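Undergrad: Input: one structure, supplied below.
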Amino acid sequence: MDPCDIAIIGGGPCGSLAAISALSYNKDNYVTIFEKRKTSGYPPHCSGLISISGLKKLGIYHFAAKKTSYNKIRSAKFVSPEGKSILIKRRKNELLVLDRPKLDAYLAKQAQKLGANLLHQHTVKEIQRKNQTWNILFTGGRSKCSSITAKIGISAEGHHPIISSQVGLPTPSKKWFFPAIQYELDNVMIPEKETVELYFGNKIAQGFFACMIPLNDIQARVGLAIHPNMTKGARTYLNHIVKKHPILSPKLKKSTIINSWGGFIPANGPINKSYTDGFLVAGDAAGQTKATTGGGFNIGGYCGLIAGKIASEAIERDNFTGTFLKKYEQLWRSKFEPELSLMKFFRRTLSFLPDKTLDSLFDIARQTDLAHHMQKVDNIDLHGIGLFKYSLSPKTIIHGLKNIPQLVTSMFNGFLV
């Protein structure tokens with residue numbers, strides 16, 4: 001196989017966007033994408049709930065809205081273990097419920113149209129650096145094992161990276177890979193199709209939360225994730241709430257499952273270093289996901305765009321040193337680091353709280369008008385600083401004094417896992 005300029009490991013949205021960015025910067029770059037799946041985007045591992053503002057920043061909103069959108073979401077209803085609820089209603093629709101396989105396939109095709117060589121059912125097994133060039137060993141195609149050389153590599157492997165660790169870069173901790181499962185259901189009783197519902201509690205989704213995302217007036221996605229330390233599996237929790245949750249299950253009483261898929265939600269927070277000589281890491285592999293919700297499409301995708309541009313600049317200047325590629329990390333951290341780290345803090349603090357404390361926090365949120373505060377957050381993708389400011393407001397602190405011991409204990413448990 002002919003040598004390439006940029007080898008991208010992973011043909012999901014982050015990898016495709018990295019290729020699009022690299023080729024938009026210089027159409028003469030020879031970019032090869034390795035994707036182990038037969039089809040980009042399938043099987044899905046995502047709820048498909050993505051912010052409109054993020055899609056616009058990626059330059060794909062119009063296609064996503066016209067060709068892959070099932071529904072628009074304006075509000076989020078949060079339900080405590082005891083059934084107390086808080087409704088956060090934004091001024092306009094800010095989320096789309098998407099057909100992720102269709103969107104991922106579109107991005108892959110766009111990369112190919114620009115000239116990327118996309119190799120489906122090809123898995124990179126090993127990477128070695130010789131004379132400032134990567135020798136990449138992979139399986140797939142007609143031969144059992146082949147190789148290609150590349151000037152620079154980008155890992156967009158997803159939540160379980162293998163190759164980035166081979167080049168000496170850190171990987172997200174498996175202790176914060178949350179097993180997740182989701183049902184797509186028909187004949188659901190949906191009270192408000194522009195409202196997503198989130199359910200909390202250790203008997204509901206221990207360590208994370210469950211949600212119901214309307215697709216239309218009668219169909220919805222219902223899913224959850226749990227902390228990997230839990231003894232019961234995610235499917236057991238999901239089947240339980242579908243049948244027995246006092247608020248959710250009546251809405252699903254006559255429903256039927258039309259699809260099901262699972263995966264892992266990376267909630268580790270960003271890795272400590274995402275670059276080295278001749279190599280960059282982006283997306284879930286770099287921990288560029290929201291630990292509070294598990295969402296990573298927009299932030300990871302944007303970091304993919306940055307990675308592709310910096311890789312092209314490195315080729316243009318014939319400079320593949322870590323000193324030069326550090327620019328990639330500086331750019332993405334300047335945009336997302338404070339938010340991602342704060343979301344990591346909130347996730348580790350909330351994951352081990354007892355139900356009694358969770359219910360108490362819901363009471364405090366209602367007393368201190370959290371809903372009004374979150375209405376003023378400009379970007380719902382970047383909500384960490386908004387939550388942090390709310391948590392440190394005098395009114396919130398006064399109401400929450402009695403919960404400080406439980407919060408501190410949960411926080412320590414989270415950071416000691």
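The values are calculated or read from the model by the stated rules, or taken from the named source; none is laboratory data. Only a predicted model underlies this, so the values are computations on that prediction, with no experimental measurement involved. Note: ideal-geometry Cβ built from the backbone for every residue, glycine included; neighbour counts use all protein chains shown.
Undergrad: What pairs can you find where one residue is in the stretch 319-346 and at pLDDT below 90, the other is of a type in the set (Phe, Trp, Tyr) and surrounded by fewer than 21 Cβ atoms within 10 Å (Cβ to Cβ), and their Cβ atoms are less than 6 Å apart, with a gap of 6+ or different chains?
TA: Taking only residues 6 or more apart or on different chains, the pairs are 342/388.
Undergrad: Is it the case that the stretch 395-407 has a residue that's hydroxyl-bearing (Ser, Thr, Tyr) and at pLDDT below 80?
TA: Applying the first criterion (hydroxyl-bearing (Ser, Thr, Tyr)) to the stretch 395-407 yields 396.
Now restrict to residues that are at pLDDT below 80: 396.
Yes: the stretch 395-407 contains one or more residues that are hydroxyl-bearing (Ser, Thr, Tyr) and at pLDDT below 80.
Undergrad: Would you confirm whether any residue within the stretch 72-90 is without any contact (Cβ under 8 Å) to a residue 60 or more places away in the chain, farther than 23 Å from residue 284 by Cβ and not polar (S, T, N, Q)?
TA: The answer is no, given that none of the residues of the stretch 72-90 is without any contact (Cβ under 8 Å) to a residue 60 or more places away in the chain, farther than 23 Å from residue 284 by Cβ and not polar (S, T, N, Q).
Undergrad: Given the structure, is residue 311 buried (at least 21 other Cβ atoms within 10 Å of the Cβ), not assigned by TED's automatic domain parsing to the domain that holds residue 206 and not aromatic (Phe, Trp, Tyr)?
TA: yes
Undergrad: Would you check which residues across the stretch 200-255 are closer than 17 Å to residue 347 by Cβ and in a loop (DSSP other than H, G, I, E, B) and list them?
TA: Result: 200, 201, 206, 207, 208, 209, 226, 227, 228, 229, 230.
Yes/no matrix, rows are residues, columns are (1) among the aliphatic types (A, V, I, L, M); (2) out of contact with any His (no Cβ under 6 Å at 6 or more places or on another chain); (3) more than 14 Å from residue 101 (Cα to Cα):
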{"site": "30", "(1), (2), (3)": "no, yes, yes"}
{"site": "45", "(1), (2), (3)": "no, yes, no"}
{"site": "53", "(1), (2), (3)": "no, yes, yes"}
{"site": "60", "(1), (2), (3)": "yes, yes, yes"}
{"site": "78", "(1), (2), (3)": "no, yes, yes"}
{"site": "83", "(1), (2), (3)": "no, yes, yes"}
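Undergrad: Just checking: which of the strands (runs of 3 or more DSSP E) contained wholly in the stretch 94-193 hold 1 or more residues that are among the polar types (S, T, N, Q) and at pLDDT below 95?
TA: Where strands (runs of 3 or more DSSP E) fall fully within the stretch 94-193 and carry at least 1 residues being among the polar types (S, T, N, Q) and at pLDDT below 95, they are 123-130, 133-140, 143-155.
Undergrad: Here is a follow-up. Got a sec? Which helices (runs of 4 or more DSSP H) wholly within the stretch 280-380 have at least 2 residues that are within 24 Å of residue 415 (Cα to Cα)?
TA: Where helices (runs of 4 or more DSSP H) fall fully within the stretch 280-380 and carry at least 2 residues being within 24 Å of residue 415 (Cα to Cα), they are 297-317, 322-350, 355-367.
Undergrad: Within the stretch 43-71, track down each residue that is closer than 18 Å to residue 16 by Cα and in contact (Cβ under 8 Å) with a residue 60 or more places away in the chain.
TA: 43, 44, 45, 46, 48, 50, 54, 55, 57, 58
Undergrad: From the set of residues in the stretch 321-344 that are of a type in the set (A, V, I, L, M, F, W, C) and surrounded by fewer than 19 Cβ atoms within 10 Å (Cβ to Cβ), which is nearest to residue 272 (Cα to Cα)?
TA: It comes out as 331.
Undergrad: Further question: Return a yes/no flag: does the stretch 122-131 have any residue that is touching a residue at least 12 places away in the same chain (Cβ under 8 Å), surrounded by fewer than 20 Cβ atoms within 10 Å (Cβ to Cβ), within 23 Å of the chain's Cα centre (by Cα) and not assigned by TED's automatic domain parsing to the domain that holds residue 208.
TA: yes
Let's see how each residue does on (1) acidic (Asp, Glu); (2) more than 30 Å from residue 325 (Cα to Cα); (3) touching a strand residue (DSSP E or B) at 6+ places or on another chain (Cβ under 9 Å):
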site	(1), (2), (3)
164	no, no, yes
169	no, no, yes
176	no, no, yes
185	no, yes, yes
196	no, yes, yes
201	no, yes, yes
204	no, yes, yes
208	no, yes, yes
231	no, yes, no
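Undergrad: Being in contact with a Leu (Cβ under 8 Å, 6 or more places away or on another chain), of a type in the set (Val, Ile, Thr) and within 30 Å of residue 246 (Cα to Cα) is the requirement here; does residue 60 meet it?
TA: Judged against the criteria, residue 60 is not a match.
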